[in-house]
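To start, the structure under review is shown below, and the notes come after it.
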Amino acid sequence: MQEKVRSTTILGLVHNGKAALGGDGQVTLGNTVMKQNSVKIRKLSGGKVICGFAGSSADAFTLTERFEDKLEQYRGNVNRAAVELAKEWRSDKFLRKLEAMLAIISEDNALIISGNGDVIEPDNKIVAIGSGGMYALAAAKMLVKFSSLSAEEIVRESLKTAADICIYTNDKINVETIDK
């Protein structure tokens, strides 16, 4: 039986004129930590878009590349690129088998793209995916509401909270930002 690769927490938000997306660095296989400093986020479209992934790394890289191609095809229109990728992911015989999720942040957008054909744009412009995603999301919602922290600081602190709770998340955090 093949072990499932787990262990990602990705969180992003658009807050006070700034966008930030971050991820932890842990990769596990079963109950073993295989790597502690993995980078699961990437700037795209000349730094105007940040993409993070959860799930199988090879699948996520494939989907990130496809998303980047869609961004180029639709001249940086993030929403259109996301919808077109989701349609292709859902209908393509090869892509349909890929097991990953993408979190996308731009200066105005926060999206989650899934293999079920979902493109989700949360009302609060906070996206979270992965095993510790809901812990980080809860922390981010509270920090947005009750603190004066920047987008980058909220992402870092929220990911640290997830690392304290989720055994598949560590505190080796990478964050990228976009200024409006």
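No lab work stands behind these numbers, since they all come straight from the coordinates. Computed from a predicted structure; not experimentally measured. So basically every Cβ, Gly included, is an ideal-geometry build from the backbone, and we count neighbours across all protein chains shown.
Full extension of the segment from Asp69 to Asp164, taken as 0.36 nm per residue of separation minus the current Cα-Cα distance, would add 30.6 nm. Obtain the nm distance between the two label points defined at Phe94 and Asn31 by a simple spin-label model: each point lies 7 Å from its Cα along the Cα-to-C-beta direction. The answer from the label model is 3.8 nm.
Estimated purely from DSSP H runs of n ≥ 4, each contributing -39500 (n - 2.57), the mean residue ellipticity at 222 nm for the chain is -11000 deg cm²/dmol once divided by its residues. Past the 24 Å Cα-Cα mark, which pairs from Lys18/Lys145; Lys48/Lys97; Lys18/Lys141; Lys87/Lys160; Lys35/Lys160; Lys18/Lys97? As for pairs spanning more than 24 Å Cα to Cα, those are Lys48/Lys97; Lys87/Lys160; Lys18/Lys97.
In this rough spin-label picture, where each label sits 7 Å from Cα along the Cβ direction, the Asn16-Lys87 distance is 3.9 nm. Please list, by residue number, every one of the trypsin sites (Lys or Arg not before Pro) in the stretch 2-94 that is coil in DSSP and has at most 15 other beta-carbon atoms within 10 Å. Answer by residue number: Lys4, Lys48, Arg75, Lys93. Think of the chain as having a plus end and a minus end, set by charges on the Cβ of Lys, Arg, Asp and Glu; of Asn116, Gly76, Ala162, Asn116 sits farthest toward the positive end of this dipole. Rounded to the nearest 20 debye, the dipole magnitude of the chain is 160 debye, with +1 charges on Lys and Arg beta carbons, -1 on Asp and Glu beta carbons, and the Cα centre as origin. Sorted from greatest to least, the principal axis extents spanned by the alpha carbons of the chain come out as 45, 43, 25 Å. Find which of Gln36, Ala60, Val49 sits farthest along the positive direction of the dipole of the stretch 22-70, computed with +1 on the beta-carbon of Lys and Arg, -1 on that of Asp and Glu, about the Cα centre. Selected residue: Val49. Within the stretch 62-161, which chymotrypsin sites (Phe, Trp or Tyr not before Pro) sit in a loop by DSSP and count at most 10 neighbouring Cβ atoms inside 10 Å? Listed in order of number, the matching sites are Phe94.
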